[in-house]
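Below: one structure, written as structure tokens.
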Amino acid sequence: MTETLRPFQPADLGPLHALVARTIETSYAGVYGRLAIDHFHGHHSAEQIRKDAADGFTLVAEHAGLLVGTGTVAGEHIGRMYVAPEHQGRGLGRRILDALEQRARDDGRESVYLGASIPARTFYERLGYGLVREDAHEFADGGRLVWFRMVKRL
């Protein structure tokens with residue numbers, strides 16, 4: 001299975017938003033509660049995806065005409081790293097992250113940082129990211145959204 005990496009185009013907005021939403025629902029179920037998952041959806045709205053793509057550099061991964069992965073770099077920040085569940089565990093996330101890190105290097109950055117979800121933390125640790133701190137948001141229903149700020153020297 002070979003995916004093609006390419007820069008985000010405005011026509012990708014709808015399919016990319018759908019990919020991110022589906023991946024959030026699938027990958028975070030059983031890890032985060034409903035309010036936390038809804039918070040992720042709000043943070044990754046179509047409008048926010050469009051804004052981040054305009055302010056930074058967004059890559060998409062395409063397979064058989066469908067978007068199956070994405071990631072964005074803006075300055076030293078890497079964000080919105082998502083790979084479709086059926087494409088996870090095959091090296092695509094690493095390819096996207098490598099390309100974003102190279103973009104940051106090309107822009108003169110010496111390090112990058114990101115916010116990792118609970119299920120993604122070990123992925124980033126394997127690729128050389130170190131934990132800076134753990135953050136959490138408490139919800140009225142007693143649920144918690146936990147994430148990890150991580151950094152990597154390039």
Discussion item. Given the options ARG34, ARG6, name the one that is among the basic types (Lys, Arg) and over 16 Å from the mean Cα position of the chain (by Cα).
Written reply: ARG34
Item to complete: Could you check the stretch 1-88 for strands (runs of 3 or more DSSP E) lying wholly inside it with 2 or more residues that are in contact with a Ser or Thr (Cβ under 9 Å, 6 or more places away or on another chain) and in contact (Cβ under 8 Å) with a residue 12 or more places away in the chain?
Response: 57-63, 66-74, 77-83
Item to complete: Provide a single number: the residues in the stretch 106-142 that are out of contact with any strand residue (DSSP E or B) (no Cβ under 6 Å at 6 or more places or on another chain), in a helix (DSSP H, G or I) and surrounded by 13 or more Cβ atoms within 10 Å (Cβ to Cβ).
Response: 2
Response to the item:
Picked from the stretch 71-83 (must be under 15 Å from LYS51 (Cα atoms) and not basic (Lys, Arg)), the residue surrounded by the fewest Cβ atoms within 10 Å (Cβ to Cβ) is GLY75
Worksheet item: When the residues of the stretch 89-100 are filtered to those that are touching a residue at least 12 places away in the same chain (Cβ under 8 Å) and in a helix (DSSP H, G or I), which remaining residue is surrounded by the fewest Cβ atoms within 10 Å (Cβ to Cβ)?
Response: ARG94
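FYI, it's all coordinate maths here, none of it is from the lab. On a predicted model such as this, the values are computed, not experimentally measured, just so you know. We place every Cβ from the backbone using ideal geometry, glycine too, and count neighbours over all the protein chains shown.
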